[in-house]
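A short write-up of the structure that comes next.
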Amino acid sequence: MRAQAAILGLLALAACSQNNDPLIPATFERPGDIAFLCWNTASSTFSPLETCEPFVGVDDSEFALVGLVTQTASGEVGAVNFRDDRVQDADSRVPGFTFTRVGEFPSGIAVSAVAPDRTYVASFGARRIESYDTRAFVTAMSVAMDPPTSVLPGGPTDLVMGPEAAGAADAIFTVVPEAGAVYAIALNAGDRTLGAMAEYPITVGTLEAPTAGEATTYERFCPDSLPVASPDPAGVRTAILADGSTPEPHQLTVVPGGPCADPATTCDPELLVADRTLPLIHRFAIGAAGALTALEPLQTGVPIRDLAVSPSVPAEFGSSTGPWQKFVYAIDDTDQSVMVLDYDAASPTFGAVLPVRGGEEVSDRLRISGPARSLDVLTPGYEGIAYCGATGQVPTGDEAPLRLRGVFLAVGLATGFVDVIDVVDLDATCRGALCGDADTADDQDQFLYLQRHRPRLASFIEEAIGIQGQPSFLVDGVNRPVAEREEGYTDGLLPFTRPTGEAGCLPGQGLFFEDTVCAAADPWALPAETWTAEWEGTLPQTTAVAQWDGTESFVVDERTNFCEQGVLGLANVALSGLTEDDPEFGYGGDTLEILTEPDESLRGNALCDPFFEPESATEERADARLRIIRAEADRLFIDPRALANTAVGLALAEGCFSAQVGLQVRTGDSFRVVGSSTGFLHRVVDQGELCLVDVAGQPIDVDDPATYINGRAFRGTTDEGGDLVATRPYVNPYIAFELGVVPVTDEATLRLALAGLPTLFSVRTGSRGSTSPVATVIESVVYSPTDERMYVIDSNSSALVQYELGEFQLDNVFE
Amino acid sequence: MRSPFRACLCAAVLLAGSGCGHDGDPPPRGRLYFPIALEQSPDFDADGKSDFLVVANSNFDLRYRSGSLQAYDLNVLEAQLRAHCGPLDADERSTCGINPEEDDDRDDLTEEILVVPGLLRSEVLVGSFADGIDSAASGDGVRFYLPVRSDGDLTYADLGADGALDCGDTPSSAAFDGERHECTDDHREAEDGAAREDGLEVPPDPIAVYAAPRPTGDGNFIVMAHRGGRLSLIWEPTAGARPELVDVIEGYPNEIVDLQADPLTGNLWLPTAFETVVPRAAVALDERSEDSFLFRLSDLAVAEVDFGGSFSDTRAVRFDPRTDVRRAYVLSRRPASLWVVDLEESVGRLRVREALPVGAGASRMEVSSFAAHGDRTLAFVTGFDSRELRVFDVDSAQAVGIVRGIGGPFEVTVDEARDLVYIADFRSSVLRVIDLAPMFECLDGLMDGEGVEDQCSPLSLGTVGRPRAVQELI
């Protein structure tokens, strides 16, 4: 994960410098959802939401923006007054905070932005939609629920208002996964209580594979020669990745303008429905009184957890007159990644999955720092699409990474962070001095990286991206040179040459640190992590209990699969059909190391004794490694000759070890390379139980580092005199280096810490000022266009966290 | 398993080395006293339902000189509770209950508590601070295993089809005659066995136990977790024999809380407080104890949830009972949530698919499939501080029911055949019996569109035992 120092520091400073109200004692009970309304506190009536817009931040205004927050644990709805920055007590006669009781497990809440006198609540526990006089939640007035009229065949999981572009909605929509249906409930004219309900079962048509769309052209790089890999449409997976047969619709989104990107055109409003079983997004056209007409679904290839829709956005940077685009953002429920779909009906690639990630084989998922749980689109300052520096939009001098003005995607993660993704940055025209045409506000604002659907960078970039710090290379306890070498050196790290022999790095990677290390120059492609190359290091997840068959192999439980962990024996390499372009070519195979001691009764046996753990700290256990000749999914074969010509083999033949031993696999005569977040890379697959390098499915492209899925680095070979005669550069999608002689006899470790990279815009929602971070479970990320703030609902600390977007900072925490 | 209270009293006693077994009065007959663990017996009479509920009482405040192990007749329990408390309104049921007639102190029994003969089938005395229970088939009956901290060892007792607990002092064929026996020494510690030659001893302070049949040979094997980060492997050389120590390994985190085995791989998962990983272990069993051992597997990093950057705090793990579903469910206090874990993708780190909010002080859980209700698979989670039981549908990842107002819910076990849940209420020293029928009537009935209730939650049926607030007991 990217270092969050800058953003956290700014947030901490903001929280400390702001005169925040003291935290109110905890009152929320696992909040889940929020709806906004505008309350006239003087007359105790409710106004359309837009009424509150001019009065945001005005403490003595009679209008207060209020949030109604569902409390899933207690079956209640609580109100938060954002003008006064306090939680409302629904009944002051009762000690402590009191909220209004609704049905058990409220799963959704909706209030009309135009006619907010009624509030609608979806109750999963009570299996119904409830409507209330809104005063029941905001004032101390005790008001009963309206008589329930809508009986549902199961628990509803979401609730949304109908479109309100042309006035108050005349229907609300809910969804019941168990019933596989969407429900439209008409609102009675006048009192807007619940009227007739219509059921719309989801019908399963033919599932189709998604199609690939085009890469974005919305970008600005300063200077424009920066080597950033563009997302490749060929990297979009056009296959159904997760199949299903029974629809389980569960989330709803109303799109008032439908799939029309061009603001000059008109489309019918649509209801988009996420399905957690079927690999598609259902679509309905919304008619009068909520009448739904099924449309062709969006084929996503995976079930969807949550989705959001962008407004119309210009296709080109700097444009405010078109062409236009519109997007659906969807969380893939199989792996909690986020995909982007073309949602412009006029586009030839309508419904296609877009490439959004560069420099990797798979390009169809946003780069986010953890599994996604919720998302929403932020549009602060987007009215009128006025770029900085354009007529009427004078630079303020505040243009900076933490000033959000435009369109952005906020993704709430399971790790407690919210990642922000650029879609439109209206201030970018005043950023990046190296573009030459920008009136930058800060001297540090030199380089600029902006590309649609890439993570927003949260810091100014004064210098070009590079590896900073000193790589450490310890060989048998001695530091080996990695730079400033004497002429003629052959050990340590060498100046990098490509596997094809040319000097310099592969395309998309830049040369750093005295020309010895290559790293992806794309700030979005390079996760901040430490790469460690360890001499004959252990392959992760290969520790297992194995049964010695007495002659030539160790058998593990059939549920262990060495192929999946990348184990290769000498014969596996030979049988994989490798060529010299393959990094595994000529590899002599991994080794297995016996970890357990001989049976205690054999202490004193000269063949067994070396393999007991020595009592003295200065002694070491004898080398208990055996070369793997052949690796199968659940069996490792050794060379039978080792039973006679190696110490451990003799011990094994002697019966020093029990039939069952613990073992682990190490690389042989090579360095095992792992990234602290990427892990161990390999192309080994299980083919008929034999571990083979997947040459056909994952071929090497000598010009594309993304294809070098390899975790073994080899040192240079020498002649009898010890002179270097050949080297084998090591390449993976993120880094590359070339080892010289490296005369290791015991231990050697090379460490490359990729630091100093631009900070990504990722907000730790558990950071609440001066106290240590709290644990969080993000339930929802919600944008409020009325006050242009982002709200994060955290069910673990039972908090509603409010963020200012204009100058990004934590505003308040309501608990 | 970790007791809900970290009592300085007992810690001081233990540290002082005086142990927690001392001269003094035994616990009152027929009395639940800080119940800490529950386990249902097999179905001896082949009526499709388990016959007995075995309860370990910890004697947590050391008021008495021992704890106890009790066997309750579930047929009598269900029949009496339904008859006595079932007809009452939901609100009245919380104070309604039954009590064994063996508890002959009737003075402070309220009118709502009915004295029932035949409810308590047998009772034996064990050491104080039993900290868990597990069972495995043994001969024609079942053997229960308890880690007992005051003994610093394993206690075992056999249960026969007649409900009699045999702890060494009572022939297993004898019916419960009202007499209680104290477990004999050989039932309160594992034999040294061949492990003695290796210089191994059962480590002190056992806090969790797992038992299962040996894959080869007769008898069962038992794994205990100990404070101080050690595991011990114990087994029975033959069915019904006295367990003997086989192996001990160390180097685990100090605060292991639970111990469960993945049904497919047999690997043991060890939820742990104050760590950022879930440690694991493997058991290598051979026909000879000398060739059997415990083995540490790679830890699973807790990486896809937000525990605030310090440490996570996992309290329980259960594996999906369906053979075709490879999921685990991890109960976490930090953050307070139930994690749905994809086992196939959990390599090196927990692959958390869902994090469902739970109540404060989440303590224990069970996951059960209900074949009679459309194979619904539900997770039942107790919240000691929030005083509630939450029910989750693990497939839809939704909370479907909640029972509030339980005094101090801790251990929980689910009786699928009877649609009942039994909860050890540690604060009140009673068993809470929760009726799942109203929940299923709602869940099952609504799918047919037959109507709607205000909620689909289970309802309290009644209690077993004499409710006592903790303040009264100390």
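Quick check, is A:A706 over 29 Å from A:D422 (Cα atoms), open to solvent by less than 30 Å² (accessible area, probe 1.4 Å) and away from chain B (no Cβ under 14 Å)?
Details: over 29 Å from A:D422 (Cα atoms): no; open to solvent by less than 30 Å² (accessible area, probe 1.4 Å): yes; away from chain B (no Cβ under 14 Å): yes.
Spelling it out, it is not the case that A:A706 is over 29 Å from A:D422 (Cα atoms), open to solvent by less than 30 Å² (accessible area, probe 1.4 Å) and away from chain B (no Cβ under 14 Å).
Report every pair of residues separated by at least 6 positions or lying on different chains whose Cβ atoms are under 7 Å apart, first residue within segment A:295-316 and over 24 Å from A:F408 (Cα atoms), second of a type in the set (K, R) and in a loop (DSSP other than H, G, I, E, B).
A:G301/A:R237
Scan segment B:134-153 residue by residue and report those that are open to solvent by 20 Å² or more (accessible area, probe 1.4 Å), out of contact with any Phe, Trp or Tyr (no Cβ under 6 Å at 6 or more places or on another chain) and not in a strand (DSSP E or B).
Listed by number, the residues that qualify are B:G139, B:D140, B:D151.
Return the only residue of A:V742, A:V813 being in contact (Cβ under 8 Å) with a residue 24 or more places away in the chain, in a strand (DSSP E or B) and β-branched (V, I, T).
Details: A:V742 fails: in a strand (DSSP E or B).
Testing whether each residue is in contact (Cβ under 8 Å) with a residue 24 or more places away in the chain, in a strand (DSSP E or B) and β-branched (V, I, T) leaves just A:V813.
With A:L152, A:L159 as the choices, which residue is at pLDDT 95 or above, open to solvent by less than 10 Å² (accessible area, probe 1.4 Å) and on the phi < 0 side of the Ramachandran plot?
That would be A:L159, the only listed residue that is at pLDDT 95 or above, open to solvent by less than 10 Å² (accessible area, probe 1.4 Å) and on the phi < 0 side of the Ramachandran plot.
Residue check, B:V257 against (1) more than 13 Å from chain A (Cβ to nearest Cβ); (2) buried (at least 22 other Cβ atoms within 10 Å of the Cβ); (3) touching a helix residue (DSSP H, G or I) at 6+ places or on another chain (Cβ under 9 Å), all met but one. Which one?
(3)
Scan segment A:343-351 and tell me whether some residue there is within 30 Å of A:N732 (Cα to Cα) and either in contact (Cβ under 8 Å) with a residue 12 or more places away in the chain or open to solvent by less than 40 Å² (accessible area, probe 1.4 Å) (or both).
Scanning segment A:343-351, I find no residue that is within 30 Å of A:N732 (Cα to Cα) and either in contact (Cβ under 8 Å) with a residue 12 or more places away in the chain or open to solvent by less than 40 Å² (accessible area, probe 1.4 Å) (or both), so the answer is no.
Return yes or no: is A:P785 under 30 Å from A:T253 (Cβ atoms) and either free of Cβ contacts under 8 Å to residues at least 40 places away in the same chain or open to solvent by 10 Å² or more (accessible area, probe 1.4 Å) (or both)?
For A:P785, the condition - under 30 Å from A:T253 (Cβ atoms) and either free of Cβ contacts under 8 Å to residues at least 40 places away in the same chain or open to solvent by 10 Å² or more (accessible area, probe 1.4 Å) (or both) - is met.
Here are the criteria: (1) within 17 Å of A:E536 (Cα to Cα); (2) assigned to a strand (DSSP E or B). Tell me which single one A:A736 does not satisfy.
Every listed condition holds for A:A736 apart from (1).
Consider A:A168 against the criteria (1) assigned to a strand (DSSP E or B); (2) surrounded by fewer than 23 Cβ atoms within 10 Å (Cβ to Cβ): it satisfies all of them except one. Which criterion is unmet?
Failed condition: (1).
Can you name the residue in segment A:543-579 that is in a loop (DSSP other than H, G, I, E, B), open to solvent by less than 30 Å² (accessible area, probe 1.4 Å) and closer than 26 Å to A:L750 by Cβ and, of all such residues, is farthest from the other protein chains (Cβ to nearest Cβ)?
Per the criteria, the residue is A:L578.
Go through segment A:36-56 and report how many residues are open to solvent by 10 Å² or more (accessible area, probe 1.4 Å) and either outside the structural domain of A:S112 (by TED's automatic domain parsing) or under 27 Å from A:T776 (Cβ atoms) (or both).
Qualifying residue count for the region: 2.
Quick check on this structure: which one of A:A186, A:A196 is open to solvent by 30 Å² or more (accessible area, probe 1.4 Å), within 27 Å of A:V114 (Cα to Cα) and assigned to a strand (DSSP E or B)?
Just one listed residue meets the conditions, A:A196.
Could you list, in sequence order, all residues of segment A:391-417 that are open to solvent by 20 Å² or more (accessible area, probe 1.4 Å) and β-branched (V, I, T)?
A:T391, A:V394, A:T396, listed by residue number.
In the set A:I368, A:I385, which member is crowded, with 18+ Cβ neighbours inside 10 Å, touching a residue at least 60 places away in the same chain (Cβ under 8 Å), within 14 Å of chain B (Cβ to nearest Cβ) and not in a strand (DSSP E or B)?
Being crowded, with 18+ Cβ neighbours inside 10 Å, touching a residue at least 60 places away in the same chain (Cβ under 8 Å), within 14 Å of chain B (Cβ to nearest Cβ) and not in a strand (DSSP E or B) holds for just one of A:I368, A:I385, which is A:I368.
For the subset of segment B:376-393 comprising residues that are under 23 Å from A:P303 (Cα atoms) and open to solvent by 10 Å² or more (accessible area, probe 1.4 Å), which member is nearest to the other protein chains (Cβ to nearest Cβ)?
B:D393
Exactly one of these conditions fails for A:D443: (1) in contact (Cβ under 8 Å) with a residue 24 or more places away in the chain; (2) more than 14 Å from chain B (Cβ to nearest Cβ). Give me its number.
Among (1) in contact (Cβ under 8 Å) with a residue 24 or more places away in the chain; (2) more than 14 Å from chain B (Cβ to nearest Cβ), A:D443 violates only (1).
So, in segment A:199-227, how many residues would count as being closer than 30 Å to A:L511 by Cα, surrounded by 18 or more Cβ atoms within 10 Å (Cβ to Cβ) and of a type in the set (V, I, T)?
Residues meeting the conditions: 1.
Look through segment B:320-340, keep the residues that are out of contact with any Leu (no Cβ under 8 Å at 6 or more places or on another chain) and assigned to a strand (DSSP E or B), and return whichever of them is farthest from the other protein chains (Cβ to nearest Cβ).
Selected residue: B:R333.
Given the residues B:L338, B:L294, B:L270, which is the only one that is buried (at least 23 other Cβ atoms within 10 Å of the Cβ), farther than 30 Å from A:S337 by Cβ and of a type in the set (A, V, I, L, M)?
Only one candidate qualifies: B:L270.
Residue-wise test of (1) away from chain B (no Cβ under 14 Å); (2) modelled with pLDDT of 95 or more.
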{"site": "A:A184", "(1), (2)": "yes, yes"}
{"site": "A:G190", "(1), (2)": "yes, no"}
{"site": "A:P201", "(1), (2)": "no, yes"}
{"site": "A:E208", "(1), (2)": "yes, no"}
{"site": "A:A215", "(1), (2)": "yes, no"}
{"site": "A:C267", "(1), (2)": "yes, no"}
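Looking only at segment A:237-263, filter to residues that are not hydroxyl-bearing (S, T, Y) and not in a loop (DSSP other than H, G, I, E, B); which one of those is farthest from A:D376 (Cα to Cα)? Can you show your working first?
Just the residues of segment A:237-263 that are not hydroxyl-bearing (S, T, Y), to begin with: A:237, A:239-244, A:247-252, A:254-263.
Next, only the ones that are not in a loop (DSSP other than H, G, I, E, B) stay: A:249-252, A:254-255.
Values: A:P249: 19, A:H250: 17, A:Q251: 13, A:L252: 13, A:V254: 13, A:V255: 13 Å.
If we take residues in segment A:237-263 being not hydroxyl-bearing (S, T, Y) and not in a loop (DSSP other than H, G, I, E, B), then A:P249 is farthest from A:D376 (Cα to Cα).
Looking at B:R227, is it without any contact (Cβ under 8 Å) to a residue 24 or more places away in the chain, open to solvent by 40 Å² or more (accessible area, probe 1.4 Å) and more than 23 Å from B:V352 (Cβ to Cβ)?
Here the answer is no, as B:R227 does not meet what is asked.
Quick check on my filter: what residues within segment A:97-120 are in a strand (DSSP E or B), within 35 Å of the chain's Cα centre (by Cα) and within 14 Å of another protein chain (Cβ to nearest Cβ)?
A:P106, A:S107, A:G108 - these are the residues of segment A:97-120 that are in a strand (DSSP E or B), within 35 Å of the chain's Cα centre (by Cα) and within 14 Å of another protein chain (Cβ to nearest Cβ).
Scanning segment A:521-542 for residues that are over 16 Å from A:G510 (Cα atoms) and surrounded by 20 or more Cβ atoms within 10 Å (Cβ to Cβ), which turns out nearest to the other protein chains (Cβ to nearest Cβ)?
If we take residues in segment A:521-542 being over 16 Å from A:G510 (Cα atoms) and surrounded by 20 or more Cβ atoms within 10 Å (Cβ to Cβ), then A:Q541 is nearest to the other protein chains (Cβ to nearest Cβ).
Rundown of residues vs (1) within 12 Å of another protein chain (Cβ to nearest Cβ); (2) out of contact with any helix residue (DSSP H, G or I) (no Cβ under 9 Å at 6 or more places or on another chain); (3) not β-branched (V, I, T), yes/no style:
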site: B:R349; (1), (2), (3): yes, yes, yes
site: B:R353; (1), (2), (3): yes, yes, yes
site: B:A372; (1), (2), (3): no, no, yes
site: B:S396; (1), (2), (3): yes, no, yes
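So if I check each of A:A113, A:A122, A:A136, which one is open to solvent by 10 Å² or more (accessible area, probe 1.4 Å) and not basic (K, R)?
Answer to the selection: A:A113.
The values are calculated or read from the model by the stated rules, or taken from the named source; none is laboratory data. All values derive from a computational prediction rather than experimental measurement. All Cβ positions, even for glycine, are placed from backbone atoms using ideal geometry, and neighbour counts span all protein chains on display. Please note that ligands, DNA and RNA were not included when accessible areas were found on the heavy atoms of the full protein model with its side chains. Shrake-Rupley method; radii C 1.70, N 1.55, O 1.52, S 1.80 Å.
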